[in-house]
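Novice: Submitted below is the structure of interest, expressed as structure tokens.
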Amino acid sequence: MRELEYPFDPEELLKKKKSLKKQLLAEPSVRWIPKKIAILGGQTTQNIKLMLELFLLGHGIKPTFYESEYNQYYEEGRFPNPELESFSPDIIYVCTCIRNIHAFPELSDGMEEIERKKDAVAGRFQELWEHLNLTYHCPIIQNNFEYPYFRLLGNKDASDPHGRVNFVTMLNCAFYSYAQTHDDFYICDVNYISSAYGLDKWADPYYWHMYKYAVAVPAIPILSFHVANIIKSIYGKNKKAFNLDLDHTLWGGVVGDDGAENIEIGQETPLAQTYSEFQEYLKLHRQLGIALTVNSKNDEDKAISGLERPDSVLHKEDFVSFKANWNPKSVNLMETAGEMALLPESFVFVDDNPAERAIVEAQVPGVAIPQITDVEHYIQVIDKSGFFEVTHLSRDDLKRTEMYQENLRRSQMQASFSNYEDYLKSLEMKGEIESFSPMYMSRIAQLTNKSNQFNLTTRRYSQSEIEAAAQSEEQITLYGKLSDKFGDNGVVSVIIGNIRGEYQDELHIELWLMSCRVLKREMEYAMMDELVEKAQEKKIRKLVGYYYPTAKNGMVKEFYALQGFAKKSEDEEGNSIWEFIIPDNYEKKQNVIEIL
């Protein structure tokens, strides 16, 4: 929904929140991800909740809320709370503010007393977080503190230990230290958000004294937008790749008309510097594992010539896919997605031409299309849109661009083989399939929240839930890694099964997923072989599988049939249940992967 995309009109959203919610819920093609969110507020949170709901619905997440009483965030979160325990939240958002700091330094305080006050405030919050983690085992989002709206010491307030600005900085650093050492704990950076919005407007005392909102009511959608970005990232709703135009997007001018020597890039003019800065910004995303791809109406040799300039920041080898031709850009984007084994909605399409943006928007639903105007604001629009909000950064993320490039080399090699099995054997694949390991918990949780096409139930798990499954005696868990002569794909498959039945001899498969980048390489059969072996060790005689159809996972509709399961039931919506009776003489299904 365009109204929810950056840059949005905050006051218009507040006015139209009910009608926009109605429109979002009426969308027939969305298969909602239901999530229970507890908001523990140190201020009034009603409108924050309503705006958060809108943005989450825009991401396909359908929330239900628990809302604490006003300023009871500590009491309701720190002590036994039957109502919150019964609610069983999937995420807890602690929505506090500088008004919840009740002990600032006095000018007469010595350093020891200032440290004591800082430790008392930070320690109180840490006690809260520890109790929430032990009781509810779910991700926690915590606001840091905005700066005070007055400075008693003027500019010295930032450097003097007695200054409130200095004290807030120390508290925020204590929060950051906790976040760096605790998984499933996330900071909503209100300190930055309020500064970008304008602290004087954000902290307008009128809204506190009238309504007990520490954030000005017109700014509430801004805060809720950022919290929603964290939540959608936790549940795998981030984008994965840029699809980039060239002329007037990566450089100024038209390379086919002006020639590579005359386009605006480099340091010679202010305009050229602006395009270079944008290229630098895009290149930084490679460190996050965000793939860069080209989608340009151009002759390929002329397009490449623009990137061959010595002062160009980006070069052809920085792009996983390079499509410079005269095909419709919607077609190019779909082909690029197919080659990279990504859904089209994983892309951010960046093009200066409003007509091209409109065509892609109409032809490729789900693609993010930032409404860029002047090149000076390209970075601002894209960065503030939160397409790539980072909540976890795994080793696999850091090498993802390399993985995409390796996959393309595998595809090129496949074309040289007439026999597919010979091709698979030539890859010299090695697999590692084991029960969940602490080393991979973050990646496993990330994979459960990202995989859609090869995902039989599309259940979403937080890292805390993954860790709980690994420790449970009533569950069988498996992760699968796959490498070959081109490189290591990392963790690519996950299974979670629950042991049930009168005699504890049935394994009900709650989750079975695989990354699409290893499709048709028999990894699914290798996982089946190991699952059967683990089940036999626990005297399990029957596997029960579930398939819940979505708009994206139709490719695995008959997956269980291919594994030898028998369909037991199917309802009107296509949800089906499958069974596999484990034979004593089970024969392994794959022979092209060496399991280590």
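The values are calculated or read from the model by the stated rules, or taken from the named source; none is laboratory data. Everything numeric in this text was worked out from a predicted model, so none of it was measured. So basically every Cβ, Gly included, is an ideal-geometry build from the backbone, and we count neighbours across all protein chains shown. With ligands, DNA and RNA removed, areas are computed over all heavy atoms of the protein, side chains included. Shrake-Rupley method; radii C 1.70, N 1.55, O 1.52, S 1.80 Å.
Novice: Check cross-link reach from residue 297 to the lysines: straight Cα distance under 18 Å, and skip same-chain residues fewer than eight apart.
Specialist: Those lysines meeting the cut-off are 316, 323, 329.
Novice: At 7 Å along Cα-to-Cβ for each site, give me the label-to-label distance between residue 22 and residue 402 in nm.
Specialist: For the pair residue 22/residue 402, the computed spacing is 5.4 nm.
Novice: Could you sort 76-89, 41-54, 561-574 so that the peptide with the highest average Cβ count within 10 Å comes first and the rest follow in order?
Specialist: Ranked from most to least packed, the peptides come out as 41-54, 76-89, 561-574.
Novice: Let me ask you something else. Express the relative contact order of the stretch 279-351 as a whole percentage, based on alpha carbon pairs under 8 Å and six or more residues apart in sequence.
Specialist: Relative contact order of the stretch 279-351: 32 percent.
Novice: For the residue pair residue 577 and residue 358, what label-to-label distance in nm results when each label sits 7 Å from Cα along the Cα-to-beta-carbon direction?
Specialist: 5.2
Novice: Would you work out what percent of the accessible area of the stretch 434-582, with all protein chains in place, is carbon or sulfur (probe 1.4 Å)?
Specialist: The computed percentage sits at 46.
Novice: Net charge within 10 Å of residue 298 by Cβ-Cβ distance, Lys/Arg positive one each and Asp/Glu negative one each, not counting residue 298 itself?
Specialist: With Lys, Arg at +1 and Asp, Glu at -1, the net is -2.
Novice: Report, in whole Å, the centroid distance computed from the Cα atoms of the stretch 246-303 and the stretch 91-149.
Specialist: Cα centroid to Cα centroid, the span is 45 Å.
Novice: Now for a different question. Give me the percent of accessible area attributable to carbon and sulfur for the stretch 178-218, probe 1.4 angstrom.
Specialist: That share works out to 53 percent.
Novice: What net charge do the residues around residue 128 carry, taking every other residue with its C-beta under 12 Å from that of residue 128, with Lys and Arg at +1 and Asp and Glu at -1?
Specialist: Net charge in that neighbourhood comes out at -2.
Novice: At a 1.4 Å probe radius, carbon and sulfur cover how many percent of the accessible area of the stretch 292-380?
Specialist: 51
Novice: Within the stretch 74-90, find all residues whose amide N lies under 17 Å from a label point positioned 7 Å from the Cα of residue 468 along Cα-to-beta-carbon.
Specialist: 81-90
Novice: Something else about it: Could you do me a favour and compute the accessible area per residue for the chain, 1.4 Å probe, result in Å²?
Specialist: Ligands and nucleic acids excluded, the result is 44 Å² per residue.
Novice: What FRET efficiency comes out for residue 331 versus residue 414 if R0 is 30 angstrom and r is the Cβ-Cβ distance? Round to the nearest 0.05.
Specialist: 0.85
Novice: Once ligands and nucleic acids are excluded and a 1.4 Å probe is used, how much of residue 99 is accessible, expressed in Å² to the nearest 10?
Specialist: It works out to around 70 Å².
Novice: Among 149-156, 168-175, 521-528, how do they line up by average Cβ neighbours within 10 Å per residue, starting with the highest?
Specialist: Highest-to-lowest ranking by the protection proxy: 521-528, 168-175, 149-156.
Novice: Hey, another quick one. Write down Rg/Rh for the stretch 118-229, rounded to two decimals, with Rg from the C-alpha atoms and Rh from the Kirkwood relation over Cα pairs.
Specialist: 0.99
Novice: Quick one: which residues, 5+ away or cross-chain, put their amide H under 5 Å from the amide H of residue 248? H built at 1.01 Å from N.
Specialist: 253
Novice: Taking the full set of protein chains and a 1.4 angstrom probe, give the accessible area of residue 339 in square angstrom, rounded to the nearest 10.
Specialist: 80
Novice: In the chain, what percentage of the DSSP-assigned beta bridges are antiparallel, given to the nearest 5?
Specialist: So the antiparallel bridges amount to about 45 percent of the total.
Novice: Further question on the same structure: Relative contact order for the chain: what percent, with Cα pairs under 8 Å and sequence separation of 6 or more?
Specialist: Taking the mean separation of contacting Cα pairs over the length of the chain, I get 10 percent.
Novice: Here is a follow-up. Using Cα-Cα distances under 8 Å and only pairs 6 or more residues apart, what relative contact order does the stretch 342-401 have, in percent?
Specialist: 29
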